[in-house]
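Undergrad: Shown below is the structure under consideration.
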Amino acid sequence: MISLDVAKSHLRVDFDDEDNLIELYLKAAIEYAEGFIDRSIITSEEDRAHESDIVVNNAIKSAILLILGHLYANREEESIDRATSPLQLGAKSLLLPYRIKMGV
């Protein structure tokens, strides 16, 4: 749903040394987005397995890229030399309209 080239462009990475890491973070970002909206994100209607599945759109792609950027920039849970922050509201704001359950 998001190619490695698009992910690297978003991260402004023009080398191949971290491709495996970026792919890992991209998969984690998709899983985070799916967990937040409590739905599977699919690439086309033909992939629909459940009524609640949602076809990826630009807002969802943008949210996944924001989450990817956060994971890439904050590789440690804590840092002594700089403050870390939880996932910013931008990604959650983009995903919120597609969320099924509005729990905590």
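Undergrad: With contacts defined as alpha carbon pairs under 8 Å and 6 or more residues apart, what's the relative contact order of the chain in percent?
TA: 31 percent
Undergrad: Pairing the Cα long axis of helix 19-37 with the longest principal axis of the chain, what angle in degrees results, from 0 to 90 and rounded to the nearest 10?
TA: Between helix and principal axis, roughly 40 degrees.
Undergrad: I'd like the carbon and sulfur percentage of the solvent accessible area for the chain, probe radius 1.4 Å, heavy atoms only, ligands and nucleic acids excluded.
TA: 51 percent
Undergrad: On to the next question. What are the principal axis extents of the Cα atoms in the chain, in Å, biggest first?
TA: Taking the Cα atoms of the chain, the three principal extents are 45, 33, 17 Å.
Undergrad: Restricting attention to segment 27-73, which GluC sites (Glu not before Pro) occupy a DSSP loop and are surrounded by at most 16 other Cβ atoms within 10 Å?
TA: Passing sites in segment 27-73 are Glu51.
Undergrad: Continuing with the same structure: Shape of segment 1-60 from its Cα gyration tensor (a ≥ b ≥ c, root eigenvalues): rounded if a/c is under 1.5, otherwise prolate when a/b > b/c, or oblate?
TA: prolate
Undergrad: Count neighbours as other Cβ atoms within 10 Å of each site's Cβ, and list the chymotrypsin sites (Phe, Trp or Tyr not before Pro) in segment 1-65 that are DSSP loop with at most 14 such neighbours.
TA: Here the chymotrypsin sites (Phe, Trp or Tyr not before Pro) that fit, given the DSSP loop and packing criteria, are Phe15.
Undergrad: Show me, for segment 48-54, the HN-Hα J-couplings you get by feeding each phi into the Karplus relation (A = 6.51, B = -1.76, C = 1.60, θ = phi - 60°), rounded to Hz, glycine and proline as x.
TA: 5, 9, 9, 4, 7, 4, 10
Undergrad: With +1 assigned to the C-beta of every Lys and Arg and -1 to the C-beta of every Asp and Glu, and no other charges, what is the dipole magnitude of segment 15-79 about the Cα centre in debye, to the nearest 20?
TA: Approximately 260 debye in magnitude.
The values are calculated or read from the model by the stated rules, or taken from the named source; none is laboratory data. From a predicted model like this one, the values you see are computed outputs, not experimental measurements. Cβ sites come from the backbone with ideal geometry, for glycine too, and all protein chains shown count toward neighbours. SASA here: full protein model, heavy atoms, side chains in, ligands and nucleic acids out. Shrake-Rupley method; radii C 1.70, N 1.55, O 1.52, S 1.80 Å.
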